[in-house]
Amino acid sequence: MHFVVMGCGRVGARLAHDVEEQGHSVAVIDQNADSFRRLGPSFSGRTVAGIGFDRDTMLRAGVEEAYAFAAVSSGDNSNIIAARVARETYAVQKVVARIYDPGRAEVYRRLGIATVATVPWTSREMIAEMLPTDSAPLWQDESGRMALVELAPHRDWLGRPLRDLETVARARVAYLLRLGHPHVPGADTVLQDGDRVFAAVESRGRRAAADAVAAGPGGS
C-alpha cells in the first residue's frame, strides 16, 4: 500500500521510516527540501518538495493511489487543509492530522479526519490511525478461539446499520469510538464518518471479517 506524509520534521521522518519498515511505499512532502535530510540514506521512498495542500504537489506524491495520508507539519491550518483535500478531493481512505489546538479535535473528527495531539505524541499512535487494523487482535480469550479486533469498514458502509456489517463480517460489534468517546451501539445504530469499529470475532475468521467489511456492502 502507498502512504503520503506531509511534513518532514522529526515526527514526519520517524513516521515515514516506521511505515516503510512495515513494507509499504511512502512519499514525503515538505516545502523545505533540506528537511529531507532527516530521512537519512536508508530511506528509499519518494520525496516531493512543495506546498503540502497544493494539488500538483499531492499528485506528484501519489495521493491518487494512497491508502492513507498523514498531515504532520508544524501548522494546524496547513494540516487540516491538506487533510481535507486528501479526504474530499482524492477520497483517501485513511486521513489523519497532527493537531496543536485540542479544542479543534472534535470539529475535525466530524469532518472524518482523525487527529493526534502533540503531547504525548508517538509515531505508533499515528500508525494506529493509518494502517489497516486487522493485523493483530487487541484481545484473545484463553483458548485463542475468540478475539477482539478493530475493523476498517469501507466508506460505503457509512449510513448503514451496524447489524448489516455484523452479518457480512460474522462478527459482533462490541463498541465504537465516536468523536474520541466509547459508544456501545444499539440495534439501530448506523455507522458514521470517523467511527472506529471494535468487534468480537472467531479468531480463525478474523482475516475474512476484515476483508469483508473493507470490500464494502456490495463486495461481500
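Each reported figure results from applying straightforward, stated rules to the coordinates on display, with no laboratory input. What you see is a predicted model; the values in this text were computed from it and never measured. Neighbour counts run over all protein chains shown; Cβ positions are idealised from the backbone, glycine included.
Region 137-220 has equivalent-ellipsoid semi-axes of 20, 15, 10 Å, by the square roots of 5 times the alpha carbon gyration tensor eigenvalues, sorted largest first. Coordinate range of the alpha-carbon atoms in region 1-89 per principal axis, descending: 32, 25, 19 Å.
Applying 0.36 nm per residue to the separation of residue 208 and residue 158 and subtracting their alpha-carbon distance, the gain on full extension is 16.0 nm. Multiplying each eigenvalue of the alpha-carbon gyration tensor of the chain by 5 and taking the square root yields semi-axes of 31, 18, 16 Å, largest first, rounded to whole angstroms. Taken over region 172-220, the alpha-carbon convex hull comes to 90 cubic angstrom per residue. When you restrict to C-alpha pairs under 8 Å that are six or more residues apart and normalise by the size of region 10-57, the relative contact order lands at 37 percent.
Just checking the listed ones, 153, 41, 161: in the Gaussian network model of the chain with Cα springs under 10 Å, the one fluctuating most is 41. With contributions of -39500 (n - 2.57) from each DSSP H run of at least four residues, the per-residue ellipticity at 222 nm computed over the chain stands at -8000 deg cm²/dmol.
May I ask for the Kirkwood hydrodynamic radius of region 39-113, worked out over all distinct Cα pairs and given in angstroms to one decimal? Answer for region 39-113: a Kirkwood hydrodynamic radius of 12.9 Å. The HN-Hα couplings worked out from phi for region 39-56 by the Karplus form 6.51 cos²θ - 1.76 cosθ + 1.60 (θ = phi - 60°) are 6, x, x, 7, 6, 10, x, 9, 10, 10, 8, x, 6, x, 9, 6, 5, 4 Hz, whole numbers, x standing for Gly and Pro.
The relative contact order of the chain, computed from alpha carbon pairs under 8 Å that lie at least 6 residues apart in sequence, is 15 percent.
Taking the Cα centre of the chain as reference, the dipole from Cβ charges on Lys and Arg (+1) and Asp and Glu (-1) amounts to some 80 debye. Here is the result for region 21-113: no GluC sites (Glu not before Pro) lie in DSSP coil with at most 11 other C-beta atoms within 10 angstrom of their C-beta. Shown is the FRET efficiency for residue 107 and residue 74, computed with R0 = 30 Å from the Cβ-Cβ distance and rounded to the nearest 0.05: 0.90.
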